[in-house]
There are 2 protein chains.
Amino acid sequence: MKVLVVDDEPQIRRALRTSLEAHGYEVATVGTGDEGVVAAAGARPELILLDLGLPDMDGTEVIRRIRAFSEVPIIVLSVRESQADKVAALDAGADDYVTKPFGIEELLARSRAALRRRGGEEPTTPTPTFGALQVDLAKQLVTLDGEPVHLTPTEYGLLEALATNPGKLLTHQWLLRRVWGQGYGTETTYLRTYIRTLRKKLGDDASAPALIVTEPGVGYRWIAEPSG
Amino acid sequence: MKVLVVDDEPQIRRALRTSLEAHGYEVATVGTGDEGVVAAAGARPELILLDLGLPDMDGTEVIRRIRAFSEVPIIVLSVRESQADKVAALDAGADDYVTKPFGIEELLARSRAALRRRGGEEPTTPTPTFGALQVDLAKQLVTLDGEPVHLTPTEYGLLEALATNPGKLLTHQWLLRRVWGQGYGTETTYLRTYIRTLRKKLGDDASAPALIVTEPGVGYRWIAEPSG
DNA sequence: CGCAGGCGTGAAGAAGGCGTGAAGACGCCC
DNA sequence: GGGCGTCTTCACGCCTTCTTCACGCCTGCG
């Protein structure tokens, strides 16, 4: 049973490693959010213990990025006790939220509970591939024929929304809310603009699409077949 | 979304009911562990909020009894903060453990997290299939002999109305209301036009129909046999 | 046998959405 | 403060889609 510990304080990492290994878990530790996302994709742990107070990245952002490609249980460890922090982390996709200092027995029990719930394996691919196009959801890196493609944050967000829902018809409103936020829903000109740059950068043709199909009046559809 | 609250204190029951109903949940409340187990079996709630300090039965026993027949998420509410209590409840099968007093926002967030996990079991949308014709309702994708068929929103809406009611006679008015909206009901020319394009795109013949039969003066009927 | 209504067929006008290209506004880093 | 990348907005021409109409056929009825 592999567990990934993401925490910037070495003594906490050490303490967690000791306790977890004593209970038969296999433990990997990293110190930054970025490493955490990469390790979640690479090492494929079955449980992640995530400290919210990381130096390099907001904790909810780490959760969101891991959730882009994995359903692995995430238990948040945090010194912050405010409800807003808890709500934000849980709604970002965390499974549980434990405030420091916590008892190791409680943490282990919550880990067991989280693992018990996730009985089945999830087949989600960390890096969906479509022919020459590869989308590394962990590193947020897109390559075409092996060449990295530079995308702005909005462009990447749109691509992620499309590529993680292959074949599905995604409405204007759904895409706008997912990429731009809850307050959006009618700004179809944004979509047209960014779909255009995406098509251009990914070498797609609107009149003979191989990746993104326009569903007039409704939305867009990612039609490329996953090939990895 | 049905929630069952098991708590012996009436004011807590009332407070939870108010908060939960304000957020769109359907709430049932009981005051004893025994009633809780019965209600969990009978009312089939999708989430249970369980107070540990019940007068008639030990909290972990309630959890165990419910777990004997249901995987419904259980969030424990308790005044006891000891690790031993938390471990016991979680290992008995609880999904989460919240100590009173708790913030309602946090409880709601934890409820969403618990529901999200359980609901994660892909709410399998049926994909009606009729020989070579396949209607993927989740993706809103129609394929004929494996080839995607492009339909306009109105065409798809009409097909969905027909294909999800196989064998049933659907009147002009019913179809118009469903596809075009409440304000319609007499525009049978619309129906004729779109039934025609549907037949053309799906390879059906009006004079020898295999999919859509005209019921003169009344409406239309989807006669294809579901085959999957 | 003639007629009327409903249906299938074909087509065309109109409205709105889309792709395209570009330019201004904004925020951020140096 | 300046420069750059990114986001937002606009105008234009084209194309899809919706809506409407006309015509011929069939059916049922008187």
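What to note about this one:
- Dipole in debye (nearest 20) - the protein assembly as shown, about Cα centre, beta carbon charges: Lys, Arg +1; Asp, Glu -1: 1240
- Placing pseudo-labels 7 Å out from each Cα toward the beta carbon at A:T99 and A:L115 gives an inter-label distance of 2.7 nm.
- Protection proxy ranking for B:36-47, A:155-166, using the average of other Cβ atoms within 10 Å per residue and placing the highest first: A:155-166, B:36-47.
- Extended-chain gain in nm, criterion 0.36 nm per residue less alpha-carbon gap, A:T18 and A:T188: 55.9 nm
- At full extension, B:D8 and B:D58 could sit 16.7 nm farther apart than now, given 0.36 nm per residue minus the alpha carbon distance.
- Take every DSSP beta bridge whose two residues both sit in the protein assembly as shown; close to 50 percent of them are antiparallel.
- Acute angle (nearest 10 degrees) that the helix B:10-22 long axis makes with the longest principal axis of chain B, alpha-carbon atoms: 30
- Residue among B:T171, B:T29, B:T60 with the largest mean-square fluctuation in a Gaussian network model of chain B, springs linking Cα atoms under 10 Å: B:T171
- Alpha-carbon Debye profile of the protein assembly as shown, log10 I(q)/I(0) at 0.09, 0.10 Å⁻¹: -0.76, -0.91
- Gyration tensor verdict on the stretch B:37-158 (Cα atoms; rounded if a/c is under 1.5, prolate if a/b is larger than b/c, oblate otherwise): prolate
- Most positive-pole-ward Cα, A:L151, A:A224, A:L107, against dipole of chain A from beta carbon charges: A:A224
- When A:Q173 is represented by a point 7 angstrom out along its Cα-to-C-beta vector, the spacings to that point in the other copies are 2.8 nm, nearest first.
- Label spacing, shortest first and in nm, from B:P209 to its equivalents in the remaining copies (7 angstrom along Cα→Cβ): 3.2
- DSSP-defined beta bridges in chain A - what % are antiparallel, rounded to 5: 50
- Label-point spacing at B:S70 relative to the other copies reads 3.3 nm, in ascending order, each point sitting 7 Å out from Cα along Cα→Cβ.
- Whole-Å semi-axes of the stretch A:81-221's equivalent ellipsoid (Cα gyration tensor): 36, 19, 14
- Using a Förster distance of 60 Å, the FRET efficiency for A:A84-B:T214 (Cβ separation, nearest 0.05): 0.50
- Within the stretch A:142-226, the proportion of Cα pairs with more than 15 Å between them is 55 percent.
- Mean Cβ count within 10 Å, highest first, over the residues of peptides A:63-69, A:104-110: A:63-69, A:104-110
- Between the stretch B:10-58 and the stretch B:189-228, the Cα center-to-center distance that results, in Å: 50
- Candidates B:A92, B:P166, B:I48 compared by Cα position along the dipole of chain B: farthest toward the positive end lies B:P166, with charges placed on Cβ.
- Three-way shape label, the stretch A:53-123, alpha-carbon gyration tensor, a/c 1.5: oblate
- Too-long pairs where the Cα-Cα distance tops 27 Å, listed order kept, from A:K2/B:K2; A:K100/A:K139; A:K2/B:K139; A:K86/B:K139; A:K139/A:K200: A:K2/B:K2; A:K100/A:K139; A:K2/B:K139; A:K86/B:K139
Here, each number is a calculation from the coordinates, and none is a lab measurement. Here the structure is a predicted model, which means the values were calculated and not measured. Counting neighbours? That spans all protein chains shown, and the Cβs are built from the backbone with ideal geometry, glycine included.
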